[in-house]
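See structure below.
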Amino acid sequence: MKDIQIDPRGPRFGAFWQLAFSVSALIAGANPVGIAIMAVLLILFIPGAIIGPQATLQGWVFRKAIRPRLDPPKETESFRPPRFAQQMGITFCILAVSSGVLGFDTGFYVFTGFVTFASFLNSVFDLCLGCEIYLLFKRATTRAA
């Protein structure tokens, strides 16, 4: 797959959405409302986990409504680390929803808390934990030329 370059501000914008959903789920609690909120977030992660963050609903909103009002990015980044972060996000959403459905309230709060924490770091401090894990894994598994 071609290494698509994206505006790094797009995934950060998407992280604000993820933060809003996950905080709402934590406030709602481990009940049908909180579980439904995390299920919606899980659905929002699917295109990003498969294709990349540029394919998400929040990526589309960024491209159409936000990006035209901004200066061009100083640099772009590969879609691969943010896609891996989306894959981690979908995994934690699946675990949160599954825990909630199975009545394991502690698991719901722990996994939703992970999503909240990672989304907070990305949206507020521009620190993408999934991206950092991807890069560490890549460095550890790539041979020097």
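The values are calculated or read from the model by the stated rules, or taken from the named source; none is laboratory data. Fair warning: this is a prediction, and the values are worked out from it, not measured in the lab. Note that we place each Cβ from the backbone using ideal geometry, even for glycine, and neighbour counts take in every protein chain shown.
Residue 72 - would you say it is over 20 Å from residue 20 (Cα atoms) and not aliphatic (A, V, I, L, M)?
Working: over 20 Å from residue 20 (Cα atoms): yes; not aliphatic (A, V, I, L, M): yes.
For residue 72, the condition - over 20 Å from residue 20 (Cα atoms) and not aliphatic (A, V, I, L, M) - is met.
Could you tell me which numbered condition residue 54 fails, if it satisfies all but one of (1) part of a helix (DSSP H, G or I); (2) loosely packed, with under 15 Cβ neighbours inside 10 Å; (3) modelled with pLDDT under 95?
Going through (1) part of a helix (DSSP H, G or I); (2) loosely packed, with under 15 Cβ neighbours inside 10 Å; (3) modelled with pLDDT under 95 one by one, residue 54 breaks only (2).
Filter the range 121-145 for residues that are surrounded by 14 or more Cβ atoms within 10 Å (Cβ to Cβ) and of a type in the set (Ser, Thr, Tyr); which is farthest from residue 16 (Cα to Cα)?
134
Just the residues that are surrounded by fewer than 16 Cβ atoms within 10 Å (Cβ to Cβ), without any contact (Cβ under 8 Å) to a residue 40 or more places away in the chain and in a helix (DSSP H, G or I), please, taken from the range 67-97.
Result: 68, 69.
Please give the number of the condition residue 55 fails out of (1) without any contact (Cβ under 8 Å) to a residue 12 or more places away in the chain; (2) farther than 25 Å from residue 136 by Cα; (3) in contact with a Pro (Cβ under 9 Å, 6 or more places away or on another chain); (4) among the aliphatic types (A, V, I, L, M).
Here residue 55 clears every test but (2).
Condition test on residue 131, is it under 22 Å from residue 2 (Cβ atoms), part of a helix (DSSP H, G or I) and touching a residue at least 12 places away in the same chain (Cβ under 8 Å)?
Details: under 22 Å from residue 2 (Cβ atoms): yes; part of a helix (DSSP H, G or I): yes; touching a residue at least 12 places away in the same chain (Cβ under 8 Å): yes.
Yes.
Taking the residues in the range 5-25 that are surrounded by fewer than 18 Cβ atoms within 10 Å (Cβ to Cβ) and of a type outside the set (Val, Ile, Thr) as candidates, determine which candidate is farthest from the chain's Cα centre (by Cα).
First, the residues of the range 5-25 that are surrounded by fewer than 18 Cβ atoms within 10 Å (Cβ to Cβ): 5, 9, 16, 20, 23-24.
With the extra rule that they be of a type outside the set (Val, Ile, Thr), the set shrinks to 5, 9, 16, 20, 24.
On the way: 5: 17, 9: 13, 16: 9, 20: 12, 24: 16 Å.
If we take residues in the range 5-25 being surrounded by fewer than 18 Cβ atoms within 10 Å (Cβ to Cβ) and of a type outside the set (Val, Ile, Thr), then 5 is farthest from the chain's Cα centre (by Cα).
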